[in-house]
1. Heavy-atom accessible area per residue, the chain, 1.4 Å probe: how many Å²?
2. Which entries of 14/253; 14/121; 45/121; 14/195; 45/130; 14/93 show an alpha-carbon separation above 25 angstrom in the structure shown?
3. Going by Cα centres, the stretch 84-119 and the stretch 131-160 are how many Å apart?
4. Please compute the contact order of the stretch 1-72 in relative form: average sequence separation of alpha-carbon pairs under 8 Å and at least six residues apart, divided by the residue count, as a percent.
5. Using the beta-carbon distance between residue 200 and residue 121 and R0 = 22 Å, what value does 1/(1 + (r/R0)^6) give for FRET efficiency, to the nearest 0.05?
6. How large are Rg and Dmax for the stretch 77-169 when only the alpha carbon atoms are used, in Å?
7. Using the per-residue mean of other Cβ atoms lying within 10 Å as a proxy for protection, in what order, highest first, do the peptides 136-143, 35-42 fall?
8. Can you pull the Rg over Rh of the stretch 1-47, Cα-only, Kirkwood?
Amino acid sequence: MSDDTVVSLEGIHKFFGPVHALRGVDLTIARGEVCVVIGPSGSGKSTLMCCINQLETISAGRVYLNGELQGYEERGGRFHVLAERQIDAQRRKTGMVFQQFNLFPHKTALQNVIEGPVQVKRMSRAAAKKLGLELLDRVGLNDLADRYPAQLSGGQQQRVAIARALAMEPEIMLFDEPTSALDPELVGEVLDVIKDLAQNGMTMMLVTHEIGFAREVADHLVFMDQGCVVEEGEPRELLANPRNGRTRAFLSKVL
Ligand code: ADP
Ligand code: MG
């Protein structure tokens, strides 16, 4: 595995009871790469993302982050499940942003952003506040640091959620349909923040239905269907000349 690989997925399977949600997924995400995942509802996009940060345990296969096997350690030729504390430490290397913003409702924007650095990283309040204000500035919200989530628009809340994830200095940002819950006029401000992160070299995986954004920002486009990566490649090429019939059928509905 090259040093430039951030995520490497090998033969990932996931069962939810009888549902075979992931059916042998191999995927590599390089450092600084923007990997966009598209595909129909129920194709396994969210599940795949959750397997990267261990919000879901995999049924088979291997997940590596920066070359480190996730969730298991190999001792004496056998694999042992890591302790919860070690899994938490691995999980902190990823920053996840969900469709629903999931902010703490009783904390201000700034308090939401600095919670992780203070509680988990034991950063001093003063240092965390400085970092938090810088990050809120980066997502264009420096003047709204003292507002509570209910006093912010959906787009503003999602930008706070992005700042909060960035505060833990993740190796990769995982965005699961970050604009799907937003009113159409608020989508652009969130996509602009994501684009700015991409241009500044952040490694990211993004599940989205915003095909135009994918064409513009992605380095790597992945099409999933029925638990499999059906087709992947350079976005413009894949969108212009999809080789697989299922990719063509999906694109004809969303483009
Ligand atoms: P997508 O994000 O592409 O819409 P998901 O990853 O959410 O797809 O779901 C993939 C499949 O796994 C679907 O059939 C879904 O119903 C199933 N699934 C996802 N999460 C669970 C769960 N917690 N329990 C049972 N089935 C689930
Ligand atoms: Mg999903």
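1. Numbers: 12160 Å² over 255 residues.
So the chain comes to 48 Å² accessible per residue, rounded to a whole number.
2. On the way: 14/253 27 Å; 14/121 32 Å; 45/121 30 Å; 14/195 31 Å; 45/130 35 Å; 14/93 22 Å.
Among 14/253; 14/121; 45/121; 14/195; 45/130; 14/93, the Cα-Cα distance tops 25 Å for 14/253; 14/121; 45/121; 14/195; 45/130.
3. Answer, in whole Å: 15.
4. On the way: 116 pairs, mean separation 29.8, N = 72.
The normalised contact order for the stretch 1-72 reaches 41 percent.
5. Numbers: r = 22 Å, r/R0 = 0.98.
Working from the Cβ atoms, E equals 0.55.
6. Radius of gyration, then largest Cα-Cα span, for the stretch 77-169: 14.7, 55 Å.
7. Working: 136-143: 18.0, 35-42: 19.9.
Top of the packing list down: 35-42, 136-143.
8. 1.04
The values are calculated or read from the model by the stated rules, or taken from the named source; none is laboratory data. The structure presented is a predicted model; accordingly, all values stated were derived computationally and were not measured. In this analysis, Cβ positions are derived from the backbone assuming ideal geometry, glycine residues included, and neighbour counts consider all displayed protein chains. Ligands, DNA and RNA are excluded from the accessible area calculation, which covers all protein heavy atoms including side chains. Shrake-Rupley method; radii C 1.70, N 1.55, O 1.52, S 1.80 Å.
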